[in-house]
Amino acid sequence: MDNGNEHNNIPVWAFERIEIVKPDPDWKDKGIREREELHNVLSAFNVKQVEHIGSTAIPNLPAKPVIDLMASVPSFELVREIAETLALYHWHYVPPKLDKKPWRRFFVKVKNDKRVAHLQLMQEGEERWGKLLAFRDKLRTDAHLANEYAVMKSQLAQEFNDDRERYTEAKAEFINKVLFT
């Protein structure tokens with residue numbers, strides 16, 4: 001099948017449109033399963049903490065149907081070995097030069113040419129770790145804030161439905177408001 005990108009070796013999922021769907025009660029269990037699998041696989045690389053973050057970690061919040069996770073590693077020295085191991089479980093490594101976020105190493109889990117999970121690998125002590133957990137936890141405990149976020153995400157998904165980077169950047173102001181007020 002020619003998707004127009006095969007001659008460049010660019011996977012179909014790299015251009016997946018942003019789609020916000022109704023909350024799925026299965027997201028919690030999927031997050032638990034992904035977190036446990038990652039913890040088991042990555043413990044050999046001294047990963048001690050894996051967290052389910054992002055909108056699928058917040059009950060009743062519409063979201064992209066992708067489980068977002070993060071894991072903490074002592075350093076990025078073993079990223080090549082980690083990537084080789086995660087590849088056995090359908091995870092695709094996105095190199096930093098493509099991800100453009102030097103503070104993390106990014107992986108996408110793919111099934112049937114669709115994203116099903118994201119993993120941000122961060123070094124221990126990375127300040128964004130605590131911020132991501134704080135944002136998740138504030139939305140879990142404040143339904144008004146979660147609803148405000150849901151409305152904004154829906155609008156941004158329509159505006160930037162084929163530009164994931166711009167969609168993510170556009171959410172930053174809201175995220176900072178939540179974290180710093």
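Suppose all protein chains stay in the model; what accessible area per residue would a 1.4 Å probe give for the range 48-181, in Å²? Write out the running numbers ahead of the final one.
Details: 7280 Å² over 134 residues.
Spelled out: the 1.4 Å probe surface of the range 48-181, per residue, equals 54 Å².
Across the chain, Cα pairs under 8 Å and at least six residues apart give a relative contact order of 21 percent.
Among 128, 136, 33, 166, the order of accessible area from largest down is 33, 166, 128, 136, computed with a 1.4 Å probe on protein heavy atoms. Comparing 112, 161, 46, which has the greatest mean-square fluctuation in the GNM of the chain with Cα pairs linked when under 10 Å apart? Top of the fluctuation ranking is 112. Selection among 176, 120, 18 by position relative to the dipole of the chain gives 176 as farthest towards the positive end (Cβ unit charges, Cα centre).
Taken about its Cα centre, the range 1-128 carries a charge dipole of about 240 debye when Lys and Arg each add +1 at the Cβ and Asp and Glu each add -1 at the Cβ. GNM on the chain, alpha-carbon springs under 10 angstrom: the most fluctuating residue among 108, 151, 73 is 151.
Regarding the chain, what is the average projected area of its C-alpha convex hull, in nm²? Before the final figure, lay out the partial values.
Numbers: hull surface 42.9 nm².
Computed as one quarter of the Cα hull surface, the answer is 10.7 nm².
Stretched out straight at 0.36 nm per residue, the stretch from residue 87 to residue 131 would grow longer than its current Cα-Cα span by 13.0 nm. Counting only protein heavy atoms and a probe of 1.4 Å, the accessible surface of the chain is 49% carbon and sulfur. Across the range 47-61, rounded Karplus estimates of 3J(HN,Hα) from the backbone phi angles (6.51 cos²θ - 1.76 cosθ + 1.60, θ = phi - 60°) give 7, 10, 9, 10, 10, 8, 10, x, 5, 6, 8, 10, x, 6, 9 Hz, Gly and Pro being marked x.
The values are calculated or read from the model by the stated rules, or taken from the named source; none is laboratory data. All values reported here derive from a predicted model rather than from experimental measurement. So basically every Cβ, Gly included, is an ideal-geometry build from the backbone, and we count neighbours across all protein chains shown. The accessibility values were calculated without ligands, DNA or RNA, using every heavy atom of the protein model including side chains. Shrake-Rupley method; radii C 1.70, N 1.55, O 1.52, S 1.80 Å.
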